[in-house]
Amino acid sequence: MENLSVCVFCGSSKGADGRFVQLARELGTELAIENFQLVYGGAQIGVMGAVADAALKKGGEVIGVIPEALSEREVAHPGLSELIVTSDMHERKRKMYSLADVFVALPGGMGTLEEIFEAATWTKLGMHEPKKYKPVVLLDEGQFWNPLKEFLDSLVNHGFVAPKNRTIVISSSSVGEAIAAIKEISKEIR
């Protein structure tokens, strides 16, 4: 499974529940243990900082991608394997998507939601470069993503999302389950 690149979407905030930061630490640790490269938004604060710090602590390779305008506000992480500074948010997402083999979503806000839907849409339309099937795994420990999963099911029920495309966004109830899903996905995309 070497060199598999996992892009993690998550908040630059810590959120209201300390469990979100702990979940990020667990994911970062496991990604490093599995020798998966972590790609993320480049900040040293919030859930973002927690996932990066944990991966780095375990000797993982971590690539941060941050727009120049946010490098000060979100406080760009100084200790990464590589920090890529982009001109804007669109370039940030394009770069993150191009580096990733698979996506994982930790709890986050509007930016995280945008990334989930955009990455899933690009997968549906075959727009990722390289052109690979790149699903999104919702790390749903504590059922944070339940409302989103229900909404996606509603889109299928209303005929706006084909049932086969609903499987682009999958769910895992623990870090271990997410890692298992990533390994299974990697068999299909490699």
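Please verify whether region 98-105 includes one or more residues that are in contact with a helix residue (DSSP H, G or I) (Cβ under 8 Å, 6 or more places away or on another chain), surrounded by fewer than 21 Cβ atoms within 10 Å (Cβ to Cβ), in contact (Cβ under 8 Å) with a residue 12 or more places away in the chain and not aliphatic (A, V, I, L, M).
Within region 98-105, not a single residue is in contact with a helix residue (DSSP H, G or I) (Cβ under 8 Å, 6 or more places away or on another chain), surrounded by fewer than 21 Cβ atoms within 10 Å (Cβ to Cβ), in contact (Cβ under 8 Å) with a residue 12 or more places away in the chain and not aliphatic (A, V, I, L, M).
Starting from region 170-190, keep only residues that are closer than 14 Å to Asp101 by Cβ, then list their pairs with residues that are charged (D, E, K, R) whose Cβ atoms are within a distance under 7 Å, requiring at least 6 positions of separation or different chains.
As it stands, the answer is Ile179/Glu30; Ile179/Glu34; Ser186/Asp101; Ile189/Asp101; Ile189/Lys132, since those pairs meet every condition given.
Would you confirm whether any residue within region 27-45 is under 10 Å from Pro107 (Cβ atoms) and surrounded by 22 or more Cβ atoms within 10 Å (Cβ to Cβ)?
Looking for residues that are under 10 Å from Pro107 (Cβ atoms) and surrounded by 22 or more Cβ atoms within 10 Å (Cβ to Cβ), one finds none in region 27-45, hence no.
Tell me yes or no: at least one residue of region 131-139 is surrounded by fewer than 19 Cβ atoms within 10 Å (Cβ to Cβ), closer than 27 Å to Leu23 by Cβ and over 17 Å from the mean Cα position of the chain (by Cα).
Within region 131-139, none of the residues are surrounded by fewer than 19 Cβ atoms within 10 Å (Cβ to Cβ), closer than 27 Å to Leu23 by Cβ and over 17 Å from the mean Cα position of the chain (by Cα).
If I filter region 54-70 down to residues being part of a helix (DSSP H, G or I) and touching a residue at least 24 places away in the same chain (Cβ under 8 Å), which single residue comes out as surrounded by the fewest Cβ atoms within 10 Å (Cβ to Cβ)?
Lys57
Give me a count of the residues in region 42-65 that are on the phi < 0 side of the Ramachandran plot and out of contact with any Gly (no Cβ under 9 Å at 6 or more places or on another chain).
The number of residues fulfilling the criteria is 3.
Does region 167-185 contain any residue that is exposed (fewer than 12 other Cβ atoms within 10 Å of the Cβ) and not charged (D, E, K, R)?
Yes.
What single numbered condition from (1) over 12 Å from the mean Cα position of the chain (by Cα); (2) buried (at least 23 other Cβ atoms within 10 Å of the Cβ) fails to hold for Asp17?
Of the numbered conditions (1) over 12 Å from the mean Cα position of the chain (by Cα); (2) buried (at least 23 other Cβ atoms within 10 Å of the Cβ), the odd one out for Asp17 is (2).
Where a number appears in this text, it was derived from the coordinates with a stated rule and is not lab data. Please read all numbers here as calculations on a predicted model, not as lab measurements. Every residue, glycine as well, gets a Cβ built from its backbone with ideal geometry; the counts of neighbours run over all protein chains shown.
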